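The values are calculated or read from the model by the stated rules, or taken from the named source; none is laboratory data. Quick caveat: nothing in here was measured; it's all calculated off a predicted structure. All Cβ positions, glycine included, derive from the backbone under ideal geometry; neighbour counts span all protein chains shown. Please note that ligands, DNA and RNA were not included when accessible areas were found on the heavy atoms of the full protein model with its side chains. Shrake-Rupley method; radii C 1.70, N 1.55, O 1.52, S 1.80 Å.
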Amino acid sequence: FPITATLGATALLIALCIAVPLGVLAALYPNSWIDRVALTIAVVGMAMPTFWFGLMLMIVFGIMLHWLPISGTGTPLHFVMPALALSYYSVPIIMRLTRAGMIEVLASDYIRTARAKGLLPRSVLFKHALRNAVIPVVAVAAVQFGHLLGGSVVVESVFALPGIGYLAWEAINAADLPVIQAIVVVLSAFYILLVFLSDILNAYLDPRIRIA
């Protein structure tokens, strides 16, 4: 489980670092080349199979360039390519949700009021707009973390990582039903915990949720 949790957390962090800035830029400059590039990345990410992307990373960065190891868990570098391959699954969803939320928030009355009061654009963007637009992203990120943990079967098999996903693959091949049931129970419990924590974090970010 520590290997799978490390892989999932790293993949989610990479996805957030890529998707949230792209979503914000796409919302600030709608119908521009930045918006088109962001939407292209989203479409490609939704269409690209995770195992194929992982194999391409192995060929380019592991075999051709010799920058990163292609299997094992000896060093933090061993998690770079698996985390990249796994994170691309979540980038389109988070990016499109951030973009839609920012476009809606930037068109709201309180943003126009903040600009009319002479607040700095940076303050309007990060303190007022992004904080409200990121609320649904928090919930989706928690759900995506659960999906990344469950979806690590393919990535761990491709990169030979001895995590829960690889264990599940071996258990399925061996028809080891008790191990499969245990993995499903553990991942389901962790998934429920993530959704619960995301609700608590959303209540902290938005006082209206606490009142409700």
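What is the dipole size for the stretch 1-127, taken about its Cα centre, with +1 at each Lys and Arg Cβ and -1 at each Asp and Glu Cβ, in debye to the nearest 20?
I would put it at about 440 debye.
With each label modelled as a point 7 angstrom along the Cα→C-beta vector, the Val195-His66 pair spans 4.9 nm. With contacts taken as Cα pairs under 8 Å and at least 6 residues apart, the chain reaches a relative contact order of 26 percent. Report summary: the helix-based calculation at 222 nm, which adds -39500 (n - 2.57) for every DSSP H run with n ≥ 4 and divides by the residues of the chain, gives -22500 deg cm²/dmol.
Between Trp52 and Trp33, the modelled label-to-label distance comes to 2.8 nm, taking each label 7 Å out from Cα in the direction of the beta carbon. Solvent exposure of the chain amounts to 55 Å² per residue of accessible area, where only protein heavy atoms count and the probe is 1.4 Å. Ordering Thr75, Phe53, Leu120 by the projection of their Cα atoms onto the charge dipole of the stretch 25-155, which places +1 on the Cβ of Lys and Arg and -1 on the Cβ of Asp and Glu, puts Leu120 at the extreme positive end. Note the full-extension length gain between Arg112 and Val143 as 0.36 nm times their separation in residues minus their Cα-Cα distance, in nm to one decimal. Residue separation times 0.36 nm, minus the Cα-Cα distance, leaves 7.9 nm.
Relative to the current alpha-carbon distance between Ile180 and Phe1, full extension at 0.36 nm per residue lengthens the span by 63.1 nm.
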